[in-house]
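Could you have a look at this structure, given as structure tokens, before my questions?
The values are calculated or read from the model by the stated rules, or taken from the named source; none is laboratory data. Since the structure is predicted, the reported quantities are computational estimates derived from the model, not experimental observations. Cβ: placed from backbone, ideal geometry, glycine included. Neighbour counts: every protein chain shown.
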């Protein structure tokens with residue numbers, strides 16, 4: 001893995017790339033002025049004639065190392081495949097919306 005030199009990236013930003021011939025992932029680690037750290041990770045692999053791409057964002061709220069959290073998500077998505085990843089994603093949102101509620105106390109607002 002190699003990191004780009006500091007002069008070519010914004011402050012608080014680290015980009016890690018494997019050598020081109022071995023590259024199967026991309027990571028971007030960022031920290032804000034307020035100390036919020038997050039990582040963007042993308043990984044890919046060939047499946048037959050197609051390329052499966054997995055991209056995620058993780059924050060320090062999810063673990064001490066957002067990079068490790070993001071890498072683990074991408075690796076899992078690539079190992080279980082598209083169908084299982086999509087099903088888990090859809091199930092998560094189904095549960096989320098089933099327990100979520102929006103109440104508007106003024107009916108005239110709902111007419112817009």
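Quick check, is residue 89 farther than 13 Å from residue 27 by Cα and modelled with pLDDT of 90 or more? Before you say what the answer is, go through the steps one by one.
On the way: farther than 13 Å from residue 27 by Cα: yes; modelled with pLDDT of 90 or more: yes.
Judged against the criteria, residue 89 is a match.
Which condition breaks for residue 104 when tested against (1) part of a helix (DSSP H, G or I); (2) loosely packed, with under 13 Cβ neighbours inside 10 Å; (3) touching a helix residue (DSSP H, G or I) at 6+ places or on another chain (Cβ under 9 Å)?
Result: residue 104 fails condition (1) only.
Look through region 26-51, keep the residues that are in a loop (DSSP other than H, G, I, E, B) and touching a residue at least 12 places away in the same chain (Cβ under 8 Å), and return whichever of them is nearest to residue 73 (Cα to Cα).
Restricting attention to region 26-51, the residues satisfying the condition of being in a loop (DSSP other than H, G, I, E, B) are 32-36, 48-49.
From the residues that got through so far, the ones that are touching a residue at least 12 places away in the same chain (Cβ under 8 Å) too are 32-33, 36.
Details: 32: 22, 33: 26, 36: 20 Å.
It comes out as 36.
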